[in-house]
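Let me begin by presenting the structure, written as structure tokens, before commenting on it.
The values are calculated or read from the model by the stated rules, or taken from the named source; none is laboratory data. Remember, predicted model here, so these are calculated numbers, not experimental data. Cβ coordinates were reconstructed from backbone atoms using ideal geometry, including for glycine residues, and neighbour counts include every protein chain displayed. Just the protein is used for accessible areas: all its heavy atoms, side chains included, with ligands, DNA and RNA removed. Shrake-Rupley method; radii C 1.70, N 1.55, O 1.52, S 1.80 Å.
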Amino acid sequence: MIRVYSLFALINLILIVIALIDCLSTDEALIRALPRVVWVLLILLFSPIGAIVWFVAGRPPRPVRLSNGTTWRPGSGFPESERPKRSAAPDDDPEFLRDLAARHAREKAEDQRLMKGWEADLRRREEDLRRREGGEQAG
């Protein structure tokens, strides 16, 4: 039984050491999600979960070699040849501005309809409350 616990402790220690070395040797700009100091504290304080989380969520993503021989890094966006082309900025595009104005008008009409419904419901509830209070005072 002691051998099993010793084995788990040794695996935990190796995992922590590898995670710490990896975290401390990784360029600060490539670390994901949290600053390096926080990752080091997580690895040290929450072993072995912190080390496992480092390998899953903190390490920089590995580059992917594409079939055409180029290397793509996750998060680097579209390759230049596949980047979507826009002829104008959104605020210069008349179609975008028309769609924006139409969407704003629809949302405003929906807001007004909801407000009228809420006001009618509030008036109805106030009338019910007045009737109940009037009935209790008369009785």
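Given the whole protein assembly as supplied and a 1.4 Å probe, what does the accessible area of residue 108 come to in Å², nearest 10? For residue 108, the solvent-accessible surface is approximately 110 Å².
Working note: Karplus 6.51/-1.76/1.60 with θ = phi - 60° gives the stretch 18-23 the couplings 5, 5, 5, 4, 5, 5 Hz, where Gly and Pro are set to x. Relative to the longest principal axis of the C-alpha atoms of the chain, give the angle of the C-alpha long axis of helix 94-138, reported between 0 and 90° and rounded to the nearest 10°. Taking Cα atoms only, the helix is inclined about 60 degrees.
Computed from the alpha carbon atoms alone, the convex hull of the chain holds 336 Å³ per residue. Near residue 26, no amide H atom lies under 5 Å from its own; only residues 5 or more places off or on other chains count, and H is placed 1.01 Å from N. With θ taken as phi - 60° and the Karplus curve 6.51 cos²θ - 1.76 cosθ + 1.60 applied, the whole-hertz 3J(HN,Hα) list for the stretch 28-41 is 4, 5, 8, 5, 9, 6, 9, x, 4, 4, 5, 4, 4, 5 Hz, x standing for glycine and proline. Legend: calculated FRET efficiency, residue 28 to residue 70, from the Cβ-Cβ distance at R0 = 25 Å, rounded to 0.05, equals 0.40.
Farthest towards the positive end of the charge dipole of the chain, among the residues 15, 30, 122, is the Cα of 15, using unit charges on the Cβ of Lys, Arg, Asp and Glu.
Surface analysis of the chain yields an accessible area of 84 Å² per residue, using protein heavy atoms and a 1.4 Å probe.
Summarise the long-distance tail of P(r) for the stretch 16-56 by giving the % of C-alpha pairs beyond 13 Å. Tail of P(r) above 13 Å: 40 percent of Cα pairs.
Give, in nm to one decimal, the length gained when the segment between residue 122 and residue 49 is fully stretched (0.36 nm per residue of separation minus the Cα-Cα distance). Please list the in-between numbers first.
Values: separation 73, 0.36 × 73 = 26.28 nm, distance 5.28 nm.
Value of the extension gain: 21.0 nm.
Given a 1.4 Å probe and every protein chain left where it sits, what share in percent of the accessible area of the chain is carbon and sulfur? Walk me through the numbers before you get to the answer.
Working: 7210 of 11630 Å².
Answer for the chain is 62 percent, counting heavy atoms of protein chains only.
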